[in-house]
Every structure is written in structure tokens, then in C-alpha cells.
Amino acid sequence: MTVDSTIRDILQTNRTIALVGWSPNPSRASHQVAAYLVSKGYRVIPVNPGHAGTQALGETVAADLASLPVQVDMVDIFRRSEDVPPVVEQAVKLPGLKTVWMQLGIRNPEARALAESHGITVIEDRCPAIEYPRLIG
């Protein structure tokens with residue numbers, strides 16, 4: 001399977017996304033990407049401990065992955081590469097998780113290996129808001 005076909009499959013089958021590092025600031029990429037994904041029909045649950053309990057995107061902001069109110073298909077990470085391992089350590093404990101997605105500029109071999117060892121597909125250094133129009137239309 002090519003990278004493009006893998007990403008296309010993820011975007012067509014992963015419908016509920018926990019977005020780690022979401023910002024309430026509309027000028028931040030994490031806010032813009034979350035809003036874009038919602039506009040395309042995804043359910044996006046913002047994750048940000050500093051805003052936990054507030055409302056955004058029709059959802060209650062979660063403090064962390066352990067406090068998600070529903071099962072998610074994907075964890076989309078907006079954190080620095082060096083901050084990714086603890087996020088993935090939480091992510092691999094989520095039931096039914098299919099994908100760990102690291103945003104543009106984010107790569108972490110240790111986190112990738114951990115997720116893959118749990119049968120989770122990993123995408124690094126890509127953005128679903130760029131890949132969606134490129135691969136889905």
C-alpha cells in the first residue's frame with residue numbers, strides 16, 4: 001500500500017478524532033485544522049488541559065486522552081516532536097485506536113515504534129487538512 005493510499009484510507013475510515021494540542025485561538029493551526037475537519041464531517045474532540053471542560057467545536061474540551069468521553073479512531077498531535085512520546089503512551093491505551101497522526105514538522109521514532117508495536121498506523125510530518133483536499137477532493 002502506498003503512503004497516499006494509506007492516508008486516503010485513514011481519512012475515509014477514521015471519523016472520530018482526538019486533537020491533542022488544540023488551541024482556542026483561531027489564528028493557530030491546531031484551531032484551523034480542527035475546524036476544517038469538522039466542516040468535512042469528522043467529529044473532533046479538542047484535547048488541551050488548560051481549556052478542559054470548556055466548549056469548542058460542539059464538544060467539551062478534554063484534559064487528556066485518558067478523559068475522552070468517547071472512543072476515537074485517530075489521535076492527531078499538535079505538539080513538539082520531543083513532547084510526543086507521553087501522548088502516544090496514553091494513546092496506545094485507548095480501545096479501538098487505529099491511527100496516530102503527527103502534524104507537519106513532527107516526527108518521533110520512539111513514539112512511532114511504540115504505536116506500531118500496538119498495531120496502530122502512524123503518519124508523521126503531514127496534515128490532514130492538506131491531505132484531505134489532495135486525496136479526497
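Residues checked against (1) under 18 Å from Arg126 (Cα atoms); (2) over 15 Å from the mean Cα position of the chain (by Cα); (3) modelled with pLDDT of 95 or more:
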| residue | (1), (2), (3) |
| --- | --- |
| Arg28 | yes, yes, yes |
| Val33 | yes, no, yes |
| Tyr36 | yes, no, yes |
| Val70 | no, no, yes |
| Thr99 | yes, no, yes |
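Every residue, every condition in (1) β-branched (Val, Ile, Thr); (2) touching an Asp or Glu at 6+ places or on another chain (Cβ under 7 Å); (3) over 20 Å from Ser5 (Cβ atoms), yes or no:
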position: Gln32; (1), (2), (3): no, no, yes
position: Tyr42; (1), (2), (3): no, no, no
position: Thr54; (1), (2), (3): yes, no, yes
position: Pro85; (1), (2), (3): no, yes, yes
position: Ala91; (1), (2), (3): no, no, yes
position: Ala129; (1), (2), (3): no, no, no
position: Leu135; (1), (2), (3): no, yes, no
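Filtered by the rule that a residue be in contact with a helix residue (DSSP H, G or I) (Cβ under 8 Å, 6 or more places away or on another chain), surrounded by fewer than 20 Cβ atoms within 10 Å (Cβ to Cβ) and in a helix (DSSP H, G or I), the stretch 113-128 gives a lone residue, Leu114.
The values are calculated or read from the model by the stated rules, or taken from the named source; none is laboratory data. These numbers were taken from a predicted model, which means no experiment stands behind them. So basically every Cβ, Gly included, is an ideal-geometry build from the backbone, and we count neighbours across all protein chains shown.
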